[in-house]
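Chemist: Sharing a structure with you now.
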Amino acid sequence: MEILKVENLAKSYGELKVLKDISFSVHKGEVLAILGPSGSGKSTLLRAITHLETAQAGTIEICGQKVLDAGTYADKATLREALLKLGLVFQDFNLFPHFSVLRNVTEAQERVLRRGRIESANIARALLAKMGLEDKVEAYPCELSGGQKQRVSIARALALNPEILFFDEPTSALDPELTGEILKVLRSLAADKMTMVIVTHEMAFARDVADRAIFMDGGTIVEEGPAKELIDSPKNERTQAFLRRFSEGNSLS
Amino acid sequence: MLKMLWAMLGGSLVSVEIFFLTLVISVPLALPIAFGRMSRNKWIKVPVNFYILVMRGTPLILQIIFVYFAPYYLFHASYDRFTAVIVAFAVNYAAYFAEIYRGGIESIAKGQYEAAKVLGLTKSDTFFRIVLPQVAKRILPASANEVITLVKDTALAQTIGVAELFRVAQNASARQFSTLPIFVAGAFYFVMNWVVSSFFSRLEKKLAYYS
Amino acid sequence: MKRLICAALCLAAFSAAVFAADTSLKAVQDKGKLVLGLDDSFPPMGYRNDDNEIVGYDIDLAKEATKRLGVQLVLQPIDWNAKEQELNTKKIDCIWNGFTITEDREKAMSFTKPYLKNAQVVVVKKDSGYTSLASLKGKKVGLQAGSSAADALASAKDFRASLKDVIEFKDNLTALMDLEAKGVDAVVMDLIVANDNIKRSGKPYVVLGESLAPENYGVGFRKGDLALRDAVQATLEAMAKDGTIAKISTKWFGQDISVVGK
């Protein structure tokens, strides 16, 4: 079943076209990696789908429900219902600093899903334990390392039982020695068949964990296909040029 | 001596009354004003901006006199002194607090709003549960300044004949031909502000659980 | 016939206008109170005693007068600088506070006849060596802002011109404090207030023999409140006739120095 379907999505900032005719879909249980240089529109694409930005044209369908239909957005109620099925993990974590780790994960459960306090706390504790953070439950974000914060961030998104989770460069803000712990979490989520779309520069990880990959450049999808195939033997010249920089050990984005 | 202290206590009660009533009105009132100031609608933003400019740009003593006497000249309306003092103070301090709130709100990272939105929190929940608590912590030092200034500004109420502490002290001085009452009044103000400072100190400590 | 009716109507309208305009006495009687505005740090005319009650020569006069008029006396301390505003905006009904009658003030409000004589005098420290107005040449003088001392000094043009500086204070006490601290060399103020001050404080001040201008104290009312003013005037004259004022004056000044009805 198609969890996400994007057709002819276009977005501009004034005169500047940042997304031009983007079309792709994500099936249930699939992990899609989005690769590309900076400025290619990868983040903007994620933000447009999660409604942090608005697109001017195209169609976005979430679990069969159209939130954007040929450039026209659905009404507030439909939008809200559909968007609750999405989760987003930010590059900069964006945890709520004045809440404890536990409360960061229970707040939206209580306020948005209207779960009871005890039920929310139980779910939160279970998720945090899965992330290896059971002893940090009463700590505050300022006391955590970057890797720990990102794990809390993932738990916070998972607590709302999203149908599909988006990750906007989840390891880019972390020190190299901490990226491992996040990739480990993502692998385990993939193994649990969580539908995910991950924007990343971690090529080895994308190759291993993603089912499919998309290479974006200049606001368009240049190439797409099975992840291993695209990364090992890219067909398009631009894809090849981009990936070559990585194999040369260059961490240019 | 005792009688003088007793009279000054009465005066300081008036000062404290002015203090609390002003805060009770201006602190909440400042929030919609801050929003007005940040509004994108120019029909709201421009008048609010002008009001803030006037309040902060003219002396409070002038505003007190205006609030008290102008209604008579304009509308032949009159109302009592104490009410006039509270109106003038509240409207003035609301402008200062509004700018403090605005500074605090604008300093909150966009990411907080985005995280809240993506989690499905309503705009109201986002503001009152995520943004405002963080703003409150950031604006504590500036707010403490304003509140301390307010304690001292209450002395201006005597301009329209309200018998607050300083006026009582001056009368006692006139009667006894000594400046001692003035210094005693100074001590009263000092004590009041010491209480205020301690309160804010405690509040800052309480909110220091995160940084 | 038409002209007669017209004239009668005009007269009626005119009288109605005249009498309708001056409801000042009736307004006070309806309200049941007369609001007296004063600077409550002006001994001996109106000031606060140790129990923080407002007392003074003017207060005693006003208490008796309002009793006779059948209304309650309400004492309202005000900022002296704002006295005209307070009166004109009807926050107070009269100014009764060692209030000097001056030409400018008479233009703006209605006064009773003088009830006490006063003079603007110059107060200096005993050991200062100043003995006359001339000896204050090139010196600094202080006075209460908005008071008739300022007017008197302005009228004494030669004296004013000879001074280095004139400093205005919120009230007489502050001016006298500056005199003590040698911030000013002399203070221009009411003779009656100066005498009371020197007597009660025992401070080494002296009133120069040369005074600036003789003055009269009166009670000030709004310009159009003639009915109210006349009623108070009549009451004061009655009080003078039956010796009440003499008693009050003796209480405050040791003798009858009142000039009501004299």
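Chemist: In degrees between 0 and 90, to the nearest 10, how far off the longest principal axis of chain A does helix A:101-111 point, with axes built from Cα atoms?
Modeler: That helix lies at roughly 80 degrees to the long axis.
Chemist: Measure nothing fancy, just the Cα-based angle from helix B:2-38's long axis to the longest principal axis of chain B, in degrees from 0 to 90, nearest 10.
Modeler: 20
Chemist: Among all the lysines, which ones have a C-alpha under 20 Å from A:Lys193's C-alpha, if same-chain residues fewer than 8 places away are not counted?
Modeler: A:Lys193 reaches A:Lys5, A:Lys28, A:Lys85, A:Lys130, A:Lys184, A:Lys228.
Chemist: Here's something else I'd like to know. In nm, give the distance between the simple-model label positions of B:Glu106 and C:Lys26, each being 7 Å from the Cα along the Cα-to-Cβ direction.
Modeler: Taking the simple label geometry, B:Glu106 and C:Lys26 are separated by 6.0 nm.
Chemist: Same structure again: Under 14 Å from the Cβ of B:Leu207, count the other residues' Cβ atoms, weight Lys and Arg +1, Asp and Glu -1, and hand me the total.
Modeler: Around B:Leu207, the charge tally is +4.
Chemist: Below 10 angstrom from the Cβ of B:Val85, what's the summed charge of the other residues (Lys, Arg +1; Asp, Glu -1)?
Modeler: Once positives and negatives cancel, what remains is -2.
Chemist: Kirkwood Rh over Cα pairs of region C:118-215 into Stokes-Einstein at 4 °C, 1.567 mPa s: D in µm²/s?
Modeler: Using the Kirkwood radius from Cα pairs, D works out to 100 µm²/s.
Chemist: Still on this structure: What dipole magnitude, in Debye to the nearest 20, does region A:95-161 give about its Cα centre under +1 on Lys/Arg Cβ and -1 on Asp/Glu Cβ?
Modeler: Roughly 220 debye, rounded to the nearest 20.
Chemist: Ordered by packing density, taken as the mean number of other Cβ atoms within 10 Å over each peptide's residues, highest first, how do C:104-112, A:212-220 rank?
Modeler: A:212-220, C:104-112
Chemist: Same structure, new question: Under 12 Å Cα to Cα from C:Lys31, which aspartates and glutamates show up? Leave out anything in the same chain fewer than 8 places away.
Modeler: C:Asp93
Chemist: I've got another one for you. Take every DSSP beta bridge whose two residues both sit in chain A, then give the antiparallel share in percent to the nearest 5.
Modeler: Around 60 percent of the beta bridges assigned by DSSP in chain A are antiparallel ones.
Chemist: Note down the net charge around C:Leu179, summing +1 for each Lys or Arg and -1 for each Asp or Glu among other residues with Cβ under 11 Å from its Cβ.
Modeler: Once positives and negatives cancel, what remains is +1.
Chemist: For region A:117-253, what does the equivalent ellipsoid look like in terms of its semi-axes, each the square root of 5 times an eigenvalue of the Cα gyration tensor, given largest first in whole Å?
Modeler: Working through the eigenvalues yields semi-axes of 32, 17, 11 Å.
Chemist: Calculate the FRET efficiency for C:Lys137 and C:Asn195 from the Cβ-Cβ distance with a Förster distance of 25 Å, rounded to the nearest 0.05.
Modeler: E between C:Lys137 and C:Asn195, to the nearest 0.05, is 0.45.
Chemist: Something else about it: Of the candidates B:Ile52, B:Ile33, B:Ile108, which one comes out as most mobile in a Gaussian network treatment of chain B with C-alpha springs shorter than 10 Å?
Modeler: The residue that fluctuates most here is B:Ile108.
Chemist: Sort A:Cys63, C:Cys94, A:Cys142 so that the residue with the fewest other Cβ atoms within 10 Å of its own Cβ comes first and the one with the most comes last.
Modeler: Details: A:Cys63 16, C:Cys94 26, A:Cys142 12.
Going from least to most buried by this count: A:Cys142, A:Cys63, C:Cys94.
Chemist: Follow-up question, since we're still on this one. Could you sort out which of C:Lys33/C:Lys199; C:Lys63/C:Lys117; A:Lys76/A:Lys136; C:Lys67/C:Lys241; B:Lys110/B:Lys206 sit more than 28 Å apart by Cα distance in this structure?
Modeler: C:Lys33/C:Lys199; A:Lys76/A:Lys136
Chemist: Any idea what the alpha-carbon Rg over 2.2 N^0.38 Å comes to for the protein assembly as shown?
Modeler: That ratio works out to 1.49.
Chemist: Pairs of alpha-carbon atoms within less than 8 angstrom and 6+ residues apart define the contacts here; what relative contact order does chain C have, in percent?
Modeler: 26
Chemist: Taking Rh as the Kirkwood radius, which is the inverse of the mean 1/r over Cα pairs, what is the Rg/Rh value for region B:120-182?
Modeler: On the Cα set of region B:120-182, Rg over Rh gives 1.39.
Chemist: Quantify how strongly other chains surround peptide A:91-101 by giving the mean number of their Cβ atoms within 10 Å of each of its Cβ atoms.
Modeler: 5
Chemist: Suppose R0 equals 25 Å; then what is the FRET efficiency for A:Thr78 and A:Thr54 from their Cβ-Cβ distance, rounded to the nearest 0.05?
Modeler: 0.95
Chemist: Of the residues A:Val105, A:Val185, A:Val31, which exhibits the maximal mean-square fluctuation in a Gaussian network model of chain A defined by a 10 Å Cα contact cut-off?
Modeler: Maximum fluctuation in the GNM of chain A, among the listed residues, is at A:Val185.
Chemist: Would you work out which of C:Asn195, C:Tyr130, C:Asn118 lies farthest towards the positive end of the dipole of region C:118-215, given +1 charges on the beta-carbon of Lys and Arg and -1 on that of Asp and Glu, about the Cα centre?
Modeler: Among C:Asn195, C:Tyr130, C:Asn118, the one farthest towards the positive end of the dipole of region C:118-215 is C:Tyr130.
Chemist: Please express the Cα-Cα pair-distance distribution P(r) of region B:2-209 as a list of whole percents, one per 5 Å bin, running from 0 to the bin with the greatest distance.
Modeler: With a bin width of 5 Å, the distribution comes to 1, 7, 12, 15, 16, 15, 12, 9, 6, 4, 2, 1, 0, 0, 0.
Chemist: Can you tell me, using C-alpha contacts under 8 Å and at least 6 residues apart, the relative contact order of chain A as a whole percent?
Modeler: Rounded, it is 26 percent for chain A.
Chemist: To continue, here is another question. Measure nothing fancy, just the Cα-based angle from helix C:226-241's long axis to the longest principal axis of chain C, in degrees from 0 to 90, nearest 10.
Modeler: Between the helix axis and the principal axis of chain C, the angle is about 60 degrees.
Chemist: In whole percent, what relative contact order does region A:95-161 give with Cα contacts below 8 Å and a gap of six or more residues?
Modeler: 48
Chemist: Taking 41 Å as R0, compute the FRET efficiency from the Cβ-Cβ separation of A:Ser25 and B:Ala136 and round it to 0.05.
Modeler: After rounding to 0.05, the efficiency reads 0.35.
Chemist: Across peptide C:173-179, what mean number of C-beta atoms from other chains lies inside 10 Å of a residue's C-beta? List each step's numbers first, then the result.
Modeler: Working: counts 9, 5, 0, 2, 6, 0, 0.
Rounded to a whole number, the mean comes out at 3.
Computed from the coordinates by the stated procedures, all read-outs in this text should not be read as laboratory data. Model, not experiment: these values are computed from the prediction. Neighbour counts run over all protein chains shown; Cβ positions are idealised from the backbone, glycine included.
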